[in-house]
Amino acid sequence: MDIGLSSACFYPLETEKSVLRACETGAKTIEIFMNANSEFQPAFVKNMADICKAYGVKVASVHTMGSFTESFHLFSSYKRRFFEAKDTSFKRHFDVMHTLGAEILVMHGIKKPGSIEDEEYFDRFGELIRMGKTEGLKVCQENVVHYRSESPDLLLRMGEYIGEEFNMVFDIKQSVRTGVDPFEFAKKLHKYIRHIHISDHNSEKDCFVPCKNGTFDFARFFTMMKELGYKGDFIIELYDNGYESDYELTFAMETLKKLL
């Protein structure tokens, strides 16, 4: 269990530069967000792995490239695209994860309203989960506003339908944007949560660096999640307008580790 950092904090800086910058903040656990087809080349991925190894950094998770396209390629009413995409563009993420040593793949899934019924969506996502499981990896559904996964009730039904293989990533800012209290969201779904994205917020802004004028009670959240049996990492995932300097990221990680 650690407080880490996502390379998404530095987007649109190129991914390999974002990884290096994350390492330079002092993070010892990171998430890598893939952003272009060329970044799946073995030499490119090995370079990122070498950077992490040099800094003693663990890659906990990989975020799929082009999350907004998942509805079209994997979860549309034209099922042939699903079979093609899962065996090509989707599966290549597994090769990246093996090279980086990551265990968790983060997915947004289907946007609202979508063109297939919930049950078919659950069936397809379950197939992706089982593909990952055969390689020792966890394919996880993230809660995301404007996606079906923004609904805690939908996620509960998804978990009940897929069964114990279902895993999810919980994101605080996405819960806030959906209008659902993050504590209630996480409590309701806790048995499925394997990875957590953290950020702070207040009445004026819904996503910025923790430990700077925010209202979220991280000490209470960490205590609650540990009492509920959570054993994963907490990854700071922001946008580049959510902080003013890399020092703020370093300070947030160091401060939150004391609370953890």
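Applying the selection to the range 54-64, what residues are over 17 Å from the mean Cα position of the chain (by Cα) and at negative phi? Spell out how you get there, then give the answer.
Here is the first cut: in the range 54-64, the residues over 17 Å from the mean Cα position of the chain (by Cα) are 54-57.
Scanning the range 54-64 gives ALA54, TYR55, VAL57.
Would you be able to say whether some residue in the range 79-96 is touching a strand residue (DSSP E or B) at 6+ places or on another chain (Cβ under 7 Å) and not hydroxyl-bearing (Ser, Thr, Tyr)? Steps first, answer last, please.
As a first pass, look at the range 79-96 and keep what is touching a strand residue (DSSP E or B) at 6+ places or on another chain (Cβ under 7 Å): 93, 96.
With not hydroxyl-bearing (Ser, Thr, Tyr) added as a condition, the list becomes 93, 96.
Checking the range 79-96: at least one residue is touching a strand residue (DSSP E or B) at 6+ places or on another chain (Cβ under 7 Å) and not hydroxyl-bearing (Ser, Thr, Tyr).
Just name the residue that is nearest to the chain's Cα centre (by Cα) out of those in the range 65-103 that are crowded, with 21+ Cβ neighbours inside 10 Å and under 11 Å from ILE32 (Cβ atoms).
Here the answer is ALA102.
Out of all the residues in the range 177-235, which are touching a residue at least 40 places away in the same chain (Cβ under 8 Å) and in contact with a His (Cβ under 7 Å, 6 or more places away or on another chain)?
Scanning the range 177-235 gives PHE216, LEU228, TYR230, GLY232, ASP233, ILE235.
Pairs, please: C-beta under 9 Å, at least 6 apart or cross-chain, first residue without any contact (Cβ under 8 Å) to a residue 24 or more places away in the chain and in the range 73-91, second among the charged types (D, E, K, R) and not in a loop (DSSP other than H, G, I, E, B)?
Correct list of pairs: HIS73/ARG81; HIS73/GLU84; HIS73/LYS86; LYS79/GLU120; LYS79/ARG124; ALA85/GLU70.
Regarding LEU154, is this residue of a type in the set (A, V, I, L, M, F, W, C), touching a residue at least 24 places away in the same chain (Cβ under 8 Å) and surrounded by fewer than 22 Cβ atoms within 10 Å (Cβ to Cβ)? Can you show your working first?
Numbers: of a type in the set (A, V, I, L, M, F, W, C): yes; touching a residue at least 24 places away in the same chain (Cβ under 8 Å): yes; surrounded by fewer than 22 Cβ atoms within 10 Å (Cβ to Cβ): yes.
Considered against the rule, which asks whether it is of a type in the set (A, V, I, L, M, F, W, C), touching a residue at least 24 places away in the same chain (Cβ under 8 Å) and surrounded by fewer than 22 Cβ atoms within 10 Å (Cβ to Cβ), LEU154 comes out as yes.
Would you please name the residue that is surrounded by the fewest Cβ atoms within 10 Å (Cβ to Cβ), looking only at residues in the range 134-151 that are over 15 Å from PHE122 (Cα atoms) and among the β-branched types (Val, Ile, Thr)?
Within the range 134-151, the match that is surrounded by the fewest Cβ atoms within 10 Å (Cβ to Cβ) is THR134.
FYI, it's all coordinate maths here, none of it is from the lab. Here the structure is a predicted model, which is why all the values come from computation and not from measurement. Because the Cβ atoms are built from the backbone with ideal geometry, glycine has one as well, and the counts that use them run over all protein chains shown.
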